[in-house]
Amino acid sequence: MGTVLGRRKVGGKKGAISAVTARDRRYLSYFLATSKCRRIPWDDFFVNADKLLLFVQPPNARCCDNCQPHLFPTETVAIRYPYPSRARRAVKPSMELQNAVRSALHQWRATTVQKHYAGQFIITGRYILSDDVINRIAERPRAITDVNVFRYVIPWGLGVANPSYAEEVVQVIHEQVALHPDPIQLAREEAAQEQANKKLEATAEKERYERLRQVFQGCYDAVYGETTGVMVFRGRGENRRSEPERKCQPFLVLPRRNAWPIYYEIIRNPISMAHIRKMMEAGPSKGYGSLDEFVAAWRTLFSNARTFNEPGSQIYHYADELERVFDSRLVALMLEYGFSLFGSD
């Protein structure tokens, strides 16, 4: 008979643990918990030292997962439920919504009993949908997304067994949730919509200004490209070069103030093509943000030329001619890039 090493309770009574059982447990714990070679407790338990003389270990034999972990891959088991096992996060519903859900579900179960179980007294509304289930639903109605929620999240056996009941209840809940929107969620949706609208507006404005920029550049190039048909020399020394004489040459820069003080006494709003180009390149915030501003600058430039110079003079004639070129190109580009000829863009 084995030696008693300890005592334990079995079925409410104290029982003995034999030496053999205690040894088995000790070696099993040693085998499972060791971080060294598992053959050590294994061979010690079975006294294999005396038996190895009769056993020849085959070449390339595996040892254990501690010595050769790459030869003992650990399998990963993933359990995925086809239905929700926990409720999704939702804002706590208002008391108004909770009471509305309770009232609607009480009405639904009363109608269901009247419709399917009229004339009997065994199956009641509480049997179909208990007050406890109704209260749990009312506490988080926005978590009820589909019928599968009644499997584990809010257990309702009859709803699982009779999917048509579950679908009707989900529909009732969704109707009440729609009638009582969450103010926090509404604020989030409004903020998200406002942000989306701002992005759309920014994209539209960027596209609109890109079209404006094409019109600006096209008009400037049209005016700048008009020549007299005469070749002239520009620059000095090594930089001296021959190029076509441009009709806009008098308008490229303003006259020097110390050489033409009378010009600034007559012209109250002096402007040059260099200034117009600078404003074109400055962007909508610091430069021209609309066609009206751009056109107004050119009108001022041509008007200044006619104001300071006498009718019949060459500069006066160039101002009229270049303004016609500008107007013709402006209309063509506005039509090409989708700007209205009768409104402000």
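Summary table
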read-out	value
Top-ranked residue in the stretch 255-265 [being surrounded by 12 or more Cβ atoms within 10 Å (Cβ to Cβ) and in contact with a helix residue (DSSP H, G or I) (Cβ under 8 Å, 6 or more places away or on another chain); ranked as nearest to Val223 (Cα to Cα)]	Pro255
Residues of the stretch 244-262 that turn out to be in contact with an Asp or Glu (Cβ under 7 Å, 6 or more places away or on another chain) and among the β-branched types (Val, Ile, Thr), as a count	0
Residue among Glu226, Glu194 that is in contact with a Cys (Cβ under 7 Å, 6 or more places away or on another chain) and among the charged types (D, E, K, R)	Glu226
Of the criteria (1) touching a residue at least 60 places away in the same chain (Cβ under 8 Å); (2) hydroxyl-bearing (Ser, Thr, Tyr); (3) closer than 30 Å to Met334 by Cβ, which one Thr203 fails	(1)
Only listed residue being modelled with pLDDT under 90, out of contact with any strand residue (DSSP E or B) (no Cβ under 7 Å at 6 or more places or on another chain), in the same structural domain as Arg151 (by the TED database) and farther than 24 Å from Thr34 by Cβ, chosen from Gln114, Gln107, Gln120	Gln120
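The values are calculated or read from the model by the stated rules, or taken from the named source; none is laboratory data. Just so it is clear, the model here is predicted, and its values are computed rather than measured. All Cβ positions, glycine included, derive from the backbone under ideal geometry; neighbour counts span all protein chains shown.
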